[in-house]
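Working notes, beginning with the structure itself.
The values are calculated or read from the model by the stated rules, or taken from the named source; none is laboratory data. Small disclaimer: the values here were computed from a predicted structure and weren't measured. When we count neighbours, we look across all protein chains shown, and the Cβ atoms used for this are built from the backbone with ideal geometry, even at glycine. The accessibility values were calculated without ligands, DNA or RNA, using every heavy atom of the protein model including side chains. Shrake-Rupley method; radii C 1.70, N 1.55, O 1.52, S 1.80 Å.
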Amino acid sequence: MRIMKPVLSLLTLTVLCAGAMSVAQAQDTAQPPVTVPLSDPSRPGTVRVNLMNGGATIRGSNRKDILIETRPSTDDRRGQRFGPQVKVYVGRGGRGSDSDTTGLRRLTQPGGYVIEENNNEVLVGSGGMNRGLDFTILVPTRTNLKLSTLNDGPIVVEGVEGEIEINNQNESISLTNVAGSVVANAHNGDVKVILTRLTADKAMGFTSFNGNVDVTLPASAKANLKMHSDHGEIFTGFDVQLRSATPATTQPTRSGDGRFRIEVNRSVQGAVNGGGPEFEMRTFNGNIYVRKGQ
């Protein structure tokens with residue numbers, strides 16, 4: 001059974017920032033920051049972010065709580081990605097209505113979001129589809145992250161140590177000076193990761209469909225690399241001991257209509273520093289870069 005801390009049940013922070021702020025302020029300025037205490041600051045917490053619209057920047061810092069700041073997503077970024085935006089002035093009939101709005105000014109509803117904390121796990125979720133919010137979240141350096149966004153915002157993580165899982169459907173992922181383990185997937189965007197220290201014997205994955213995969217590993221990293229790009233090249237700064245891959249992923253088959261089919265494996269596999277856990281790096285449209293760090 002889920003039990004909320006009393007202080008947060010008042011906060012359960014359905015933060016629908018209207019109220020004291022004027023609508024004009026809500027459109028153009030950051031909303032007041034929210035500080036979320038952890039149930040047990042002596043052990044690492046977990047931050048889960050699930051957004052429909054907007055981006056998230058997570059920064060590790062010397063603190064024992066979570067600080068969350070928000071700002072409406074910029075129209076500039078939407079225009080760069082999706083082209084010029086058509087502004088629809090909604091009349092009584094709703095979106096697409098022919099109602100006369102001559103001389104009227106559109107009032108944008110501020111974006112809402114929800115925060116919950118339970119047993120050192122903090123959940124941040126967007127409150128609707130009509131208004132995107134960009135989040136800046138300061139966390140203790142040792143924090144596990146599970147981040148997911150759908151539209152209109154990159155995910156950026158800086159200086160965090162822990163188990164990091166990220167999925168971004170329509171934008172990029174950028175992780176800088178992180179430690180621990182990473183599983184990162186961007187469907188329409190680049191994946192760029194700089195790891196300073198690895199969790200021993202922990203498998204990792206870095207994948208994109210439309211974008212480059214660019215990963216920097218510590219020079220001493222021990223791993224078995226499995227790399228695959230359907231429409232791109234693979235580059236590395238490591239001395240990779242290549243392993244011969246099975247040329248066919250399936251046995252040759254002949255269908256009932258007489259067609260012959262064989263699938264050829266295009267993956268590049270090899271060991272770094274004698275080998276270790278499997279690190280998979282895969283993209284459909286893009287290059288793969290495996291760089292040697294310090």
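Evaluation of residue 205 against the conditions (1) out of contact with any Gly (no Cβ under 7 Å at 6 or more places or on another chain); (2) closer than 14 Å to residue 291 by Cα shows that the sole unmet condition is (2).
If the condition is being open to solvent by 50 Å² or more (accessible area, probe 1.4 Å) and modelled with pLDDT of 95 or more, then region 133-151 contributes 141, 142, 146. Within region 181-201, the residues that satisfy the criterion of being of a type outside the set (Ser, Thr, Tyr), open to solvent by 10 Å² or more (accessible area, probe 1.4 Å) and in a strand (DSSP E or B) are 183, 185, 192, 194, 197, 198.
When the criteria are applied in full, residue 158 fails the requirement of being surrounded by fewer than 22 Cβ atoms within 10 Å (Cβ to Cβ), closer than 25 Å to residue 274 by Cβ, among the acidic types (Asp, Glu) and within 15 Å of the chain's Cα centre (by Cα).
Under the condition of being of a type in the set (Ser, Thr, Tyr) and part of a strand (DSSP E or B), the residues counted in region 161-180 number 2.
On inspection, residue 220 fails the criterion of being buried (at least 19 other Cβ atoms within 10 Å of the Cβ), modelled with pLDDT of 95 or more, within 18 Å of residue 279 (Cβ to Cβ) and more than 11 Å from the chain's Cα centre (by Cα). For residue 130, the requirement of being modelled with pLDDT of 75 or more and out of contact with any helix residue (DSSP H, G or I) (no Cβ under 9 Å at 6 or more places or on another chain) is not met.
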